[in-house]
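Worksheet: one structure, shown below.
The values are calculated or read from the model by the stated rules, or taken from the named source; none is laboratory data. Bear in mind that the values here come from a model prediction, so they are computed numbers and not experimental data. With ideal geometry, Cβ positions are generated from the backbone for all residues, glycine too; neighbour counts draw on all protein chains shown.
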Amino acid sequence: MPGAKPALSALRAQIAALEAGTRTPPPVLPFGDPRLDGCFPAGGLQRGGWHEVGGSGLEEETGAAPAAFAALLLRPLAAKGAVVWVMRRDDLHAPGLMGLGFPVERLIQVRARDEAEVLSVLEDALATVGVAAAIGEAEAPDLKAGRRLQLACERRGSTGVLLRRRPYGGPAGPRGSNSREVSGSAAQTRWRIAAAPSQPPPGEPGLGPPRWRVELERCRGGRPGAWILEQAEAADGPHPFRLVSQLADHDVAAGEPELRLVG
Amino acid sequence: MSAVPPVALIATEGGTRRLAAVDDAAAALGLHVGQKAADAAALVPDLVTADHDPEGDRAALEILCDWCVRFSPAVALDGLDGLLLDVEGVSHLWGGEAAMLDDLLDRLARWGAPARGAIADTPGAAWALARYAPDRTIAPPGGQAPLLAPLPVAALRLDEAAQAQLPRLGLFQVSQLLALPRAQLAKRFGLGAVMRIDQALGAAREALAFRRPATPWFDRLAFFEPISALSDLERVTGDICALLCARLEAEGQGARRFELVFHRLDGKDQPVRAGLSRPGRDAVRIAKLLKPKLDTVDPGFGIEIVTLWAADVEPLSVAQRSLDADGGISLEEGLAPLVDRLINRLGEDRVWRADPYQSHVPERSVRRAAPLDPAPETGWDPDRPRPSRLLRRPEAIEVLAKLPDDPPVQFRWRGKSRRVRLAEGPERIGQEWWRKAFDEVGPGKVRDYYRVEDEAGERFWIFRAGLYADGEKVPKWWLHGLFG
């Protein structure tokens, strides 16, 4: 049927145009260091998707290190629009975020009543024009919620961060449980953040700039990695992090503190 | 004896129980307000009495006042037992003033609230005609004087002293009073009396305290058949929003608050409210904010009238369509609707932006501002590091310190012991002595804050409350925040 061919190809072209419309090549947020950027398929943290950031141990409940990391991670995006931070407990302290260089005047804080509300507000915010990024503190979104977040991110190319945080006084989740695996499948990346000992400049008393032990546990289309990152000073360039050291293999690195305890 | 027993309300004044109100049957039997309850009971043994409840009366009158909004947006409470409606320009909706008055009074009578009514040019004349003229008197424009003339002088709302004096002087009717020279009237009964006469005749203006400020931003939809289905309510919501917003747009105005009221057949009002963070007049958007709340509306036997009110109306320039998508998106299209959605869904106190507040006490240094208000110029002091998580109430920790004034070398928080690797401080923060009594904010309440880092690198914000003084009382240590 030669007559049908042009119609078919026209349809194909239409479909391609439609798909291109929804999925433009996503811009990325580079870290400015090839050792980090190399882990990501596009050479940096993908925008137009959502990322899961969690802590370990007590940080699963307090969520301080992941919050500081997420704020720094999204700092370059905050220059482009508002950032919405959805939480269930309002213990986020804006002066602390300002200390990390985060533009607090662009931050809209929302306190939701329950987990489902956190996710729906997050989704609403991500799909809104003028919102550059949104952060939500939730326990574990299921596959469907994760997919919805992804679609919301794709609509406007905004970036979402889900801070995994146990509700106060809630039961400690089993490490590496099924829910974690499931929730990870919809996110672009999954991070685990822990504090790392800081190094004050020689001869100066007090604490050095904050450092984190950052594990990229999962990266869609890329490979995992683990690093020690430090908050970059203004002189270090536009990127919020300075790479201190690369941990050789993130599995070994993760096991290290465990070993020390046993020893 | 009649089938309906006479009824009187009783109020206790200075230990004496007196009649506060009597119904027609009781009045016909010779009872009057102010009579002792015991005397009344002796005269009319089957008198039914109840306690007078002025607050309840007032509340009921307010409900009635709100209900009357279906007739006119401008309704004022009048004393203890009256309502004044400004019906200018609305009576045509009922096909004339007489029809409107009949409708209003018939509805009231049907619900067991018999009322008298009158329509006149001035509130004073309407007050007088409703109380002393035949029921449902309607004064033609400018024609209240002849109607007022035969009424008793009490119809003029004079003060008590004047009212008591007039009959003694042989003045019983309004017409007698009107015939007197004004100067004499003013001299004898005070300027108040002259003013009341002028107010009744329209020579002086009278300000009414409407229950809602009179506003042109009001619209109303009435239905031939009562509606009750949710889909109908939604459609009506969209219609009335479009109606009001079209007017707002024509006049270059926008409003921040909208109140949609469903008037039920049985006279109950079901309000639904929505607010905008910035003035707006986008009917679709406002309807979208109102629609999720419609399921709280109980239509009962049906809703016959819907009114929509816009408040906080202010000028709003014509919305500018952004020509290019990249050249910055206006607040109107993006953030403002989001903030509105969130506030209407979660409540105003759950959506905020943290603004600096001039206080060095950490928990008071943040003020919650509306997210879209202009940002403040000043920020927090960048030289004072603050944690990213501030615990709502500090948690007690057990501390080991080498010297009393040193930062701790070890502390235990939430059951886990931590060795302090690095410490920074102290930053001494006193209480705000101007806010409380001295013993609550004195030197014993000073906090010395330290930033400490444990061996794992976790950073904490801890403080010692008070000072080491005579060794009697050991100051306690607290953990207030986490730097992360």
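Test B:Pro408 against the criterion of being more than 19 Å from A:Leu107 (Cβ to Cβ) and touching a Lys or Arg at 6+ places or on another chain (Cβ under 9 Å), and give yes or no. Yes: the conditions hold for B:Pro408. Checking each residue in segment B:53-82 for being crowded, with 18+ Cβ neighbours inside 10 Å and in a loop (DSSP other than H, G, I, E, B) picks out B:Phe71, B:Ser72, B:Pro73. Taking segment B:401-415 as the range and being more than 7 Å from every other protein chain (Cβ to nearest Cβ), at pLDDT 85 or above and more than 20 Å from A:Gly206 (Cβ to Cβ) as the test, the residues that pass are B:Arg412, B:Trp413, B:Gly415. When segment B:336-388 is filtered for residues that are within 27 Å of B:Gln431 (Cα to Cα), at the interface with chain A (Cβ under 8 Å from one of its Cβ atoms) and out of contact with any strand residue (DSSP E or B) (no Cβ under 9 Å at 6 or more places or on another chain), only B:Pro382 remains. May I ask you to verify whether B:Asp46 is in contact (Cβ under 8 Å) with a residue 24 or more places away in the chain, under 25 Å from B:Pro141 (Cα atoms) and in contact with a Pro (Cβ under 7 Å, 6 or more places away or on another chain)? So B:Asp46 fails the test. Counting residues in segment A:58-67 that are closer than 20 Å to A:Ala116 by Cα, of a type outside the set (Val, Ile, Thr), touching a residue at least 40 places away in the same chain (Cβ under 8 Å) and more than 10 Å from every other protein chain (Cβ to nearest Cβ) gives one or more. When A:Ala132, A:Ala116, A:Ala82 are checked against the criterion of being in contact with a Lys or Arg (Cβ under 8 Å, 6 or more places away or on another chain), small (Gly, Ala, Ser) and either more than 7 Å from chain B (Cβ to nearest Cβ) or under 28 Å from A:Arg211 (Cβ atoms) (or both), a single residue qualifies: A:Ala132. Looking at B:Ala37, is it under 18 Å from B:Asp24 (Cα atoms) and touching a strand residue (DSSP E or B) at 6+ places or on another chain (Cβ under 6 Å)? The answer is yes for B:Ala37. The sole residue among A:Ala112, A:Ala140, A:Ala152 that is closer than 20 Å to B:Ala369 by Cα and free of Cβ contacts under 8 Å to residues at least 60 places away in the same chain is A:Ala112. Every condition in (1) more than 10 Å from every other protein chain (Cβ to nearest Cβ); (2) at pLDDT below 90; (3) out of contact with any Phe, Trp or Tyr (no Cβ under 6 Å at 6 or more places or on another chain) is met by A:Gly208 except one, and the failing one is (1). Is there a residue being at pLDDT 85 or above and more than 28 Å from A:Gly96 (Cβ to Cβ) anywhere in segment A:45-65? Checking segment A:45-65: at least one residue is at pLDDT 85 or above and more than 28 Å from A:Gly96 (Cβ to Cβ). Considering segment B:19-48, the residues that are small (Gly, Ala, Ser) and in a loop (DSSP other than H, G, I, E, B) include one that is farthest from B:Asp81 (Cα to Cα), namely B:Gly30.
Report yes if some residue within segment B:211-232 is farther than 20 Å from B:Asp312 by Cα, of a type in the set (S, T, N, Q) and surrounded by 16 or more Cβ atoms within 10 Å (Cβ to Cβ); otherwise report no.
yes
The strands (runs of 3 or more DSSP E) found entirely in segment B:243-324 that carry 1 or more residues being touching a His at 6+ places or on another chain (Cβ under 7 Å) and not assigned by TED's automatic domain parsing to the domain that holds B:Glu62 are B:269-280, B:303-315. The numbered conditions (1) of a type outside the set (D, E, K, R); (2) free of Cβ contacts under 8 Å to residues at least 60 places away in the same chain; (3) surrounded by 14 or more Cβ atoms within 10 Å (Cβ to Cβ); (4) in a helix (DSSP H, G or I) are all true for B:Ala98 except (3). Put simply, of B:Arg235, B:Arg257, B:Arg273 the only residue that is closer than 19 Å to B:Ile305 by Cβ and touching a Phe, Trp or Tyr at 6+ places or on another chain (Cβ under 9 Å) is B:Arg273. Just one of the listed residues (A:Ala152, A:Ala196, A:Ala172) is modelled with pLDDT under 90 and either closer than 16 Å to A:Ser56 by Cα or small (Gly, Ala, Ser) (or both), namely A:Ala172.
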